[in-house]
Amino acid sequence: MPGRKTAAIVVIGDEILKGTTRDTNSYFLCQRLHQLGVNIKKICVVGDDISEISREIRSASGAYDLVITSGGVGPTHDDKTYLGLAHAFTDQLHFSEDIRAAVNRFLPIYKAQKRSEGVGEGLEEVLRTATEKLCTIPKMSQLLWGTQKKGGAISTFPVVRLNNVVALPGIPKFCEKAFDELQDQLFPLEERPTMWQGTVYTDLDEFEFSKKLTELAAKFDDRTVQIGSYPEMHNKFFKTKLTVESESPDALKTALSALREMLVGHVVYYDSKAWQDTVPKWAEFKNRESQIGNQDFVSKLLEAERIVSEIVEKYPLDQIALSFNGGKDCTILLHLLRLKVDEKYGPGASIQGFHIMVEDQFPEATQFIIDAAKFYNIQVLEFPGPLKTGLAALKKQRPSIIAVLMGSRATDPNGKYMKTAVEWTDSDWPRVLRVCPILNWTYTDVWHMLRGLCVPYCKLYDQGYTSLGGRDNTVKHPALRVVSSDGKEIYLPAYKLHNDADERSNRSNL
Ligand SMILES: Cc1cc2nc3c(=O)[nH]c(=O)nc-3n(C[C@H](O)[C@H](O)[C@H](O)COP(=O)(O)OP(=O)(O)OC[C@H]3O[C@@H](n4cnc5c(N)ncnc54)[C@H](O)[C@@H]3O)c2cc1C
Ligand SMILES: NC(=O)C1=CN([C@@H]2O[C@H](COP(=O)(O)OP(=O)(O)OC[C@H]3O[C@@H](n4cnc5c(N)ncnc54)[C@H](O)[C@@H]3O)[C@@H](O)[C@H]2O)C=CC1
Ligand SMILES: [Co+2]
Ligand SMILES: [K+]
Ligand SMILES: [Mg+2]
């Protein structure tokens with residue numbers, strides 16, 4: 001693509017080639033360079049070996065606009081980068097007074113710290129040799145002084161640049177800091193090409209569309225538009241992610257609509273952080289559903305939203321709690337409560353919740369409660385069962401709680417006693433106001449919202465469970481059981497179950 005700088009990354013370190021250290025510098029540099037509109041063409045890894053370093057640097061330097069190396073610029077004998085660099089450009093090494101000045105600036109701090117650790121004797125001699133090595137750099141090289149993020153002072157340490165090669169330290173902390181402090185110098189704002197990006201998610205796997213995609217991609221010159229296809233094996237919401245990048249917004253738009261056309265009926269909404277920006281996403285969700293004519297579902301969304309709104313309007317947060325056992329129904333409530341609290345109090349205000357532990361609870365359900373609590377910023381108090389005792393304990397510990405949101409639905413065995421969506425507990429129960437916004441939702445409605453907004457849910461529902469009780473009375477749902485061609489028994493995810501009626505026939509009635 002014209003205008004975009006090309007770059008190569010040369011990772012230097014025996015420790016990488018031996019697999020003792022996982023290379024994170026190239027991953028960091030690719031992310032950042034890509035964001036800066038740089039066209040990264042190549043990453044390679046070489047050991048702390050002068051001829052290898054020199055060969056890679058020479059070839060990359062000639063082929064690309066910029067080469068960034070990481071590693072081997074330290075004081076130890078195995079740090080050979082500067083030697084390799086000089087060798088690549090038949091340059092000599094020399095002692096750089098400027099680096100010595102930099103080292104002398106940070107030595108006193110270093111010495112003080114060493115003395116405080118009780119290291120005193122022979123420090124001078126040790127430092128002299130280390131400094132000697134650190135300051136021996138290629139004669140023709142230039143020193144790049146970055147700008148510190150905080151306060152804007154110049155970087156404590158310079159980075160060596162020779163021709164179009166920039167040598168960063170290997171320790172990720174230093175490597176990333178050095179890049180951070182140099183990025184505006186290396187990539188001045190006005191020179192950065194604006195990259196336009198778009199993503200399309202589909203529930204098709206690559207085999208199903210690869211032929212059509214090849215034809216489609218051929219229509220676009222890949223110098224102006226780049227289309228990528230990335231399969232995700234374990235994502236519960238989509239099978240393949242397709243990205244489109246271009247320097248021209250029009251080319252991007254044309255390519256994206258061509259893609260959507262090619263995948264018509266199989267383009268899915270995806271959001272990896274449904275708990276963020278809940279308010280705008282909710283409006284878009286209702287809009288999407290209305291546009292495809294799901295009016296009665298939208299009216300259920302509005303009804304549930306209204307009930308939660310009223311509660312959040314009427315009761316201060318310390319009087320509201322979500323009754324959360326990690327099940328799909330109360331996960332809906334978790335999202336609705338998050339939405340309404342975000343709307344009223346701004347994103348992230350903490351929400352109260354509680355979980356009454358049934359014996360032999362599924363560990364996956366417990367884990368999901370922990371994960372969901374983190375994502376949705378809800379403090380879930382735990383109480384031993386059974387339910388009535390647990391609820392009494394909650395009232396004792398949190399006497400301010402009045403409104404308890406529950407995911408009960410009329411089709412639940414116990415749900416049918418509730419005449420209206422909001423009513424006090426029975427007289428023989430601890431007194432709280434039961435709020436069941438999805439009382440008249442069907443099983444399909446629950447999945448429609450969870451998947452329509454990519455709300456995270458307990459993974460047991462992808463393993464054939466349709467409702468969660470204790471482990472002894474909950475089994476995988478027989479209607480979801482399929483035996484694959486090679487005789488293996490697998491279970492379809494719960495959302496694939498369509499006749500609502502037998503949602504709970506995976507629970508042996510005790
Ligand atoms: C807060 C609360 C108040 C209740 N008040 C009454 C009452 O007044 N009269 C009466 O007869 N029965 C009452 N019950 C019992 C209720 O009717 C059901 O027996 C119980 O919710 C289990 O329902 P289920 O398994 O059919 O449905 P589920 O779908 O399993 O539960 C419905 C909802 O109850 C909540 N819930 C269920 N189990 C737990 C748990 N272990 N920890 C936290 N939340 C949980 C969740 O919000 C869930 O979405 C109450 C239960 C709770 C949790
Ligand atoms: N010259 C400079 O700009 C600076 C030099 N230094 C000094 O240099 C030394 C460290 O720098 P180098 O010798 O270049 O490091 P190095 O190449 O010796 O690597 C040091 C450690 O960093 C990790 N590492 C290296 N490459 C990595 C990669 N690609 N991904 C993930 N981890 C990686 C490994 O654990 C390795 O053992 C320190 O002694 C430090 O004091 C410190 C700051 C700046
Ligand atoms: Co080193
Ligand atoms: K090393
Ligand atoms: Mg190294």
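The values are calculated or read from the model by the stated rules, or taken from the named source; none is laboratory data. These numbers were taken from a predicted model, which means no experiment stands behind them. Counting neighbours? That spans all protein chains shown, and the Cβs are built from the backbone with ideal geometry, glycine included. When the accessible area is computed, the model is the full protein with side chains, heavy atoms only, and any ligands, DNA or RNA have been set aside. Shrake-Rupley method; radii C 1.70, N 1.55, O 1.52, S 1.80 Å.
Only DSSP H runs of four or more residues enter the estimate; each adds -39500 (n - 2.57), and after division by the residues of the chain the mean residue ellipticity at 222 nm equals -12500 deg cm²/dmol. For the chain, the antiparallel share of DSSP beta bridges with both residues in that region comes to about 50%.
Around Ile227, with a cut-off of 13 angstrom between Cβ atoms, what is the net charge of the other residues, counting Lys and Arg +1 and Asp and Glu -1?
Working: positive: Lys212, Lys219, Arg223, Lys241, Arg260; negative: Glu206, Glu215, Asp221, Asp222, Glu245.
The answer is 0.
Pairs of lysines in the range 277-378 whose Cα atoms sit within less than 25 Å of one another amount to 22, provided the residues are eight or more positions apart or on different chains. Within the range 319-425, the proportion of Cα pairs with more than 19 Å between them is 45 percent.
With Cα atoms as the point set, the radius of gyration and Dmax of the range 432-505 evaluate to 13.9, 53 Å. The mean sequence separation of alpha-carbon pairs under 8 Å and at least six residues apart, normalised by the residue count of the range 169-292, gives a relative contact order of 28 percent. Entry comment: accessible area of the chain is 51 Å² per residue, from protein heavy atoms only and a probe of 1.4 Å. Work out the FRET efficiency for Glu191 and Ala392 from their Cβ-Cβ distance, taking R0 = 51 Å, and round it to the nearest 0.05. Computed FRET efficiency for Glu191 and Ala392: 0.15. Peptides 262-270, 32-40, 286-294 ranked from most to least packed give 32-40, 262-270, 286-294, packing being the mean of other C-beta atoms within 10 angstrom over each peptide's residues.
Measuring nothing but how far apart in sequence close Cα pairs (under 8 Å, 6+ apart) lie, relative to its length, the range 122-226 scores a relative contact order of 17 percent.
The Cβ shell under 13 Å around Ala349 holds other residues with a net charge of 0, Lys and Arg each +1, Asp and Glu each -1. Note that the range 200-251 shows a convex hull volume over its alpha carbon atoms of 76 Å³ per residue. Put a plus charge on the Cβ of each Lys and Arg, a minus charge on the Cβ of each Asp and Glu, and nothing anywhere else: the dipole of the range 377-496 about its Cα centre is then about 180 debye.
Relative contact order for the chain: 10 percent, from Cα pairs under 8 Å spaced at least 6 residues apart, divided by residue count.
With the whole protein complex present, His87 retains an accessible surface near 100 Å², based on a 1.4 Å probe. In the frame of its principal axes, the range 65-143 has Cα extents of 46, 22, 22 Å, reported largest first. All other residues whose Cβ lies under 13 angstrom from that of Lys42 are scored, Lys and Arg at +1 and Asp and Glu at -1, for a net of -1.
Between the helical axis of 328-345 and the longest alpha-carbon principal axis of the chain there is an angle of about 70 degrees. For Val482, the accessible surface of its heavy atoms amounts to roughly 50 Å² (probe 1.4 Å, protein chains only, rounded to the nearest 10). The residue list Ala251, Ile401, Leu492 was ranked by how far each Cα lies along the charge dipole of the chain toward its positive end, using unit charges on Cβ atoms, and Ile401 comes out on top. Full extension of the segment from Asp318 to Tyr27, taken as 0.36 nm per residue of separation minus the current Cα-Cα distance, would add 100.3 nm. Angle of helix 387-397 to the longest C-alpha principal axis of the chain, folded into 0 to 90 degrees and rounded to 10: 60°. Convex hull volume of the C-alpha atoms in the chain, normalised per residue: 228 Å³. Counting only alpha carbon atoms, the long axis of helix 363-376 and the longest principal axis of the chain meet at about 70°. Selection among Ile53, Leu127, Gly152 by position relative to the dipole of the range 33-166 gives Gly152 as farthest towards the positive end (Cβ unit charges, Cα centre). Estimated from the Cβ-Cβ distance and a Förster radius of 51 angstrom, the FRET efficiency linking Asn499 and Ala63 is about 0.25.
Shape verdict for the range 338-401, please, from the Cα gyration tensor: rounded (a/c under 1.5), prolate (a/b greater than b/c) or oblate. Show your work: numbers first, answer last.
On the way: a/c = 3.44, a/b = 1.37, b/c = 2.51.
Oblate shape, in that a/c is at least 1.5 and b/c is the bigger or equal ratio.
With both labels modelled 7 Å from their Cα along Cα-to-Cβ, the Arg288 to Gln148 distance reads 4.6 nm. Protection proxy ranking of 42-48, 459-465, by the mean of other Cβ atoms within 10 Å over each peptide's residues and highest first, is 459-465, 42-48. In a simple Cβ point-charge model (Lys, Arg +1; Asp, Glu -1; nothing else charged), the chain has a dipole of about 720 debye relative to its Cα centre. Of the accessible area of the chain, computed with a 1.4 Å probe over protein heavy atoms only, carbon and sulfur atoms account for 56 percent.
Evaluate E = 1/(1 + (r/R0)^6) for Trp424 and Ile490, where r is the Cβ-Cβ distance and R0 equals 60 Å; express this FRET efficiency to the nearest 0.05.
Using R0 = 60 Å, I get an efficiency of 0.85.
Averaged over residues, the count of other Cβ atoms within 10 Å places the peptides 159-167, 352-360 in the sequence 159-167, 352-360, highest first.
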